[in-house]
């Protein structure tokens, strides 16, 4: 009597074989360095950029905007260099997506000045008449909550010390509240007077958007 005549034994052996195959072909490669490429050019998000990313996810922005440029001529011509695996080394979770109700944002960093983003966030239709994006001007009315920033950085393993976390927050705050900030006028138009000397949720989201793709652009500039 062979194993084929014993359905219970055959089912158990089949399950074991499938389980072993799954571990070997799926889980082991996930832990291999070759499947997790890194680049000296790609830097972890700063604290403010990370907070902006969390707000971006919270508001469901990734439901309409993908963040991966496929290696297709039409996409490269429209968005820029196609996405590389090492770009997403610090993304938890990935925001690739497949639905593009709005344009892909993986190369939006540095494409527009901060002032453009402040105006666009307040009223997308003021920049693009046919845009179906809802306004997010109210984000400028919310003070940025950084109470859990240190814990987030620690869990994600970005390597910043508590002093660096505080320095990054203070540094970005000083930048956007400075009288010499090049987007001061646009920021003041959307930010209530009582919050103009504070970091807002809109400041953080814009910091995140300006990060997207900039490392790759810097890499290409040095090649």
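Descriptive notes on the structure:
- Test result for residue 107, buried (at least 18 other Cβ atoms within 10 Å of the Cβ), assigned to a loop (DSSP other than H, G, I, E, B) and at pLDDT below 95: yes
- When 141, 164, 198, 194 are checked against the criterion of being loosely packed, with under 14 Cβ neighbours inside 10 Å and at pLDDT 95 or above, a single residue qualifies: 194.
- The set of residues from region 68-102 being in a helix (DSSP H, G or I) and either over 14 Å from residue 214 (Cα atoms) or in contact with a helix residue (DSSP H, G or I) (Cβ under 8 Å, 6 or more places away or on another chain) (or both) comprises 73, 74, 75, 76, 77, 78, 85, 87.
- So residue 148, is it loosely packed, with under 15 Cβ neighbours inside 10 Å, free of Cβ contacts under 8 Å to residues at least 60 places away in the same chain and at negative phi: yes
- On inspection, residue 58 fails the criterion of being within 23 Å of residue 121 (Cβ to Cβ), modelled with pLDDT under 90 and more than 11 Å from the chain's Cα centre (by Cα).
- If you go through region 129-186 and pick out every residue that is out of contact with any strand residue (DSSP E or B) (no Cβ under 9 Å at 6 or more places or on another chain) and within 19 Å of residue 59 (Cα to Cα), you end up with 13.
- All told, residue 145 meets the bar of being within 21 Å of residue 92 (Cα to Cα), in the same structural domain as residue 90 (by TED's automatic domain parsing), out of contact with any helix residue (DSSP H, G or I) (no Cβ under 6 Å at 6 or more places or on another chain) and outside any helix (DSSP H, G or I).
- Top-ranked residue of region 167-180 - restricted to ones that are touching a residue at least 12 places away in the same chain (Cβ under 8 Å) and under 21 Å from residue 137 (Cα atoms), ranked as farthest from the chain's Cα centre (by Cα): 177
- Unmet criterion (only one of (1) in contact (Cβ under 8 Å) with a residue 24 or more places away in the chain; (2) out of contact with any strand residue (DSSP E or B) (no Cβ under 6 Å at 6 or more places or on another chain); (3) surrounded by 15 or more Cβ atoms within 10 Å (Cβ to Cβ)) for residue 100: (3)
- Of the listed requirements (1) surrounded by 12 or more Cβ atoms within 10 Å (Cβ to Cβ); (2) closer than 17 Å to residue 55 by Cβ, residue 175 misses just one: (2).
The values are calculated or read from the model by the stated rules, or taken from the named source; none is laboratory data. The structure presented is a predicted model; accordingly, all values stated were derived computationally and were not measured. Using ideal geometry, Cβ is built from the backbone for each residue, glycine included, and neighbour counts are taken over all protein chains shown.
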